[in-house]
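**Student:** A single structure is presented below for examination.
What follows draws every value from the coordinates through simple rules; no lab data is involved. Here the structure is a predicted model, which is why all the values come from computation and not from measurement. A quick note on method: Cβ atoms are made from the backbone with ideal geometry, for glycine too, and the neighbour counts reach across all protein chains shown.
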Amino acid sequence: MSTAVHRRMLKEYMAIQKNSATRPHLELLEPVQEDDLLHWQAILLGTADSAYEGGKFHLDIVIPSSYPIQPPTIHFTTKICHPNVHFKTGEICLDILKSEWTPSWNLESVCVAISSLLTNPEPSSPLNCDAANLLRCGDMAGYNSLVKMYTALFAMPDEE
Amino acid sequence: MSTLIPPLASPMSESSSTSAAFVKELESISARSRSVATSTSSQPTSISAATASYQEPNRCYICFGTDEDSDGRWVKPCQCTLISHEDCLLDWIDKNRQQFARKQVRCSVCNTVYRLAEPSSLLLNIYTSFDSLVHAGIPYLTFLGLTCSVLITSTTYGAYAVLTVCGTEEGERLLGSPNPWGWRVWTGLPLIPVILIFSRTKLIDSFMPLIPLLIVGNDQLQVTFPPSPALTLSVMPWVRMAYNSLWSEMVGRLETRWRNQQIAAAGVARLGMNASIDPDADPSTARGGANPGQREGGGGGEEEVSFFDRKDLGRTIVGALLMPAISSICGSFLGHFSFVRSRIPDNFHRNILGGCLFVVAKDLAGLFGTYQELKRKRVRRIREYAEFKDERQ
C-alpha cells in the first residue's frame with residue numbers, strides 16, 4: 001500500500017508545483033520536509049471582500065498510509081473563528097474529509113474546498129457554536145466583526 | 001493541469017447538481033471525453049504504450065499509477081473517463097462496505113454503481129445471513145439478559161429482606177428451607193459467568209485449570225468411570241486448552257497457505273513495485289522505494305489476523321453466557337438418538353458432549369465461511385462499463 005501512497009503523493013506534488021500559478025487562495029501547499037511526502041502544510045489566504053480578508057491561515061495535513069482510500073487528516077494551526085472549525089483544536093467539520101471522501105479528491109482540491117468553506121459556512125453542523133449561533137440568528141454584522149477581530153488577532157502576524 | 005489531473009478535477013460540482021440542465025451539460029462533457037477516450041481506450045487492457053503516446057495515458061484515478069510505473073488490470077467501470085486498477089478499486093469498495101456488506105458503491109463523478117462479478121455460493125450466503133442475523137440479534141439478547149439479571153438480583157434481595165425482617169426461623173418457614181450454602185458455593189456460583197466469559201479469551205489461561213479444584217474441593221474428586229460431574233468439570237479446562245492449541249496450530253497452517261495463495265493470485269498485480277518516476281525529480285523516491293517493503297509485510301499480517309478475530313465484545317459475552325443453554329439444547333438433541341442414549345445414559349454427559357460438539361461445529365463453520373469469503377475475494381472482478389451499459393434496470 002505504501003508504494004502506492006508514495007507514488008500518488010509524488011505525482012500530486014509534481015502537479016501542485018506545476019499549477020502553482022493557478023490558485024489565488026492557496027499561498028502555499030508543500031511537504032513540511034522535502035523527504036516526507038506524508039506530512040504537508042498549506043497556507044490559505046482569506047478571500048478578498050470576506051471577513052477573512054488579509055488573513056493567512058496555516059493548515060497541517062497528515063496523509064495516512066492507506067491514502068487515498070482513507071482521507072487525509074487536516075486541521076488549522078492558525079486560530080480561526082468559523083462555525084465549522086473547532087476554535088481550540090482547529091479540527092474541521094467538512095463532509096468530504098469524513099464520510100463523503102472519495103479517491104478522486106486530491107490535496108489541492110481538498111484545500112480549495114476548505115478555502116470555499118471559509119466563505120460558505122454550514123451553521124447546521126457547527127464545531128464553534130458561538131459563531132454558528134450568530135449566523136443562525138442572521139446577525140451578519142456581529143458575525144463579520146467577530147471574524148474580522150479574530151483574523152486580525154491571529155492570522156495577521158505582520159501587522160502586530 | 002491536463003496531463004495529471006483529468007476532467008475529474010471538479011468533483012465538488014457533482015454534489016450540488018440534480019438539475020436537468022447540469023446533467024445535460026455533464027453528459028455532453030462525458031460524451032466528448034468518451035469520443036477522445038474511445039480512440040485510445042475502448043479496450044483499456046489492450047492499450048499499448050504506442051497508442052497512448054501523447055493522448056491521455058492510462059492513469060489510475062486512485063493510486064495515480066500509469067502503464068509505465070505500475071502493473072495491474074485496468075478497468076473502466078463507469079461511463080465517465082475515470083479508469084483505475086482493479087485492485088485499487090476493490091480496496092475502495094471494500095472500505096465502503098466495512099459497515100454494510102451489501103452497500104452500493106458509486107463513481108464519485110458520474111454516479112454509476114460499480115458492479116462486481118462474484119461467484120455466488122449458497123453455503124456462503126447462508127453463512128453470511130446467519131452471521132448477520134446473530135449480529136443483529138445480539139442487542140436484544142443483551143437487553144433480555146440484563147432484564148433477567150435485574151429480576152434475579154431483586155429476588156435475591158427480596159429473600160434477604162424477608163430473612164432479615166422476619167428472623168431466620170419465620171423467614172425460612174415462609175420461603176421454604178434452602179440448605180445453608182458453604183463458602184465454596186457462594187464463591188463458585190458467581191464465578192461461573194466470569195469464567196465462562198474469560199474462557200473466550202486467553203487472559204487467565206495460566207490458572208484456569210485450578211479454578212474448578214478450588215470450587216469443587218478435593219473430597220469430591222474421585223476417579224470413576226463414567227467420570228462424576230465434579231471430575232468432568234475439573235477436566236474441562238484441560239480439554240479446552242488442548243483443543244485451543246490444536247486449533248490454533250491448524251488454523252495457523254491454513255492461514256499461511258491461504259495467504260500464499262492470495263499473494264500468488266493478486267500480489268503481482270497489486271502494486272507496481274518500482275516507482276520509476278524519474279528518480280532525479282525528488283529525493284523522496286529513494287525513500288519511497290525503500291520503505292514499502294517492510295511496511296507491506298507488517299500490514300499484510302495485520303489484515304490477515306483480523307479475518308480470524310473479528311467478533312465483537314457483545315457477541316463474545318452473550319455467546320459465552322448462552323453456553324449452558326446451548327449445551328443443554330444440543331444434549332437433549334443428542335438424546336433423541338437411541339444410539340447415543342444407550343452409550344451415554346445420563347443427561348449431564350450428553351449435555352457436555354453436546355456443548356463440545358457445538359463448539360467444534362461452530363469453529364468449523366466460521367473457518368469455512370472465512371475461507372469462502374477469501375476465495376470469493378480472490379476470484380471476483382469488477383465489470384467493465386461496456387459490459388453492462390445495455391442492461392438497464
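**Student:** Show that you can apply the helix-only estimate: for chain A, add -39,500 (n - 2.57) for every DSSP H stretch of four or more residues, divide by all residues, and state [θ] at 222 nm to the nearest 500.
**Tutor:** -10500 deg cm²/dmol
**Student:** To the nearest 20 debye, what is the magnitude of the charge dipole of the range A:3-154 about its Cα centre, counting +1 on the Cβ of each Lys and Arg and -1 on the Cβ of each Asp and Glu?
**Tutor:** In total the dipole reaches around 80 debye.
**Student:** Further question: I need to check one value: relative contact order of chain A, counting alpha carbon pairs closer than 8 Å and at least 6 residues apart, in percent.
**Tutor:** After rounding, I find 21 percent.
**Student:** In which sequence would A:122, B:86, B:170 go, from the one with the fewest C-beta neighbours within 10 Å to the one with the most?
**Tutor:** B:170, A:122, B:86
**Student:** Using Cβ contacts closer than 10 Å as the measure, can you line up B:76, A:56 from fewest to most?
**Tutor:** Numbers: B:76 21, A:56 18.
Lowest count first: A:56, B:76.
**Student:** Next up: If you rank A:156, B:323 by fewest surrounding Cβ atoms within 10 Å, what's the result? Walk me through the numbers before you get to the answer.
**Tutor:** Working: A:156 13, B:323 17.
Ordered from fewest to most neighbouring Cβ atoms within 10 Å, A:156, B:323 come out as A:156, B:323.
**Student:** Measuring from label point to label point, each 7 Å out along Cα→Cβ, what is the residue B:168 to residue B:261 span in nm?
**Tutor:** 6.7
**Student:** Using the beta-carbon distance between residue B:246 and residue B:146 and R0 = 30 Å, what value does 1/(1 + (r/R0)^6) give for FRET efficiency, to the nearest 0.05?
**Tutor:** After rounding, the FRET efficiency stands at 0.25.
**Student:** Using only Cα atoms, what is the ratio of the radius of gyration of the range B:124-187 to 2.2 N^0.38 Å?
**Tutor:** For the range B:124-187, the normalised Cα radius of gyration comes out at 1.89.
**Student:** I've got another one for you. Could you count how many Lys pairs in the range A:3-154 have their Cα atoms under 23 Å apart, skipping same-chain pairs fewer than 8 positions apart?
**Tutor:** 9
**Student:** I would also like to ask the following. What FRET efficiency, computed as 1/(1 + (r/R0)^6) with R0 = 25 Å and r the Cβ-Cβ distance, is obtained for residue B:390 and residue B:111, rounded to the nearest 0.05?
**Tutor:** 0.85
**Student:** Hey, what angle do you get for helix A:140-154 against the long axis of chain A, alpha-carbon based, 0 to 90 degrees rounded to 10?
**Tutor:** 60
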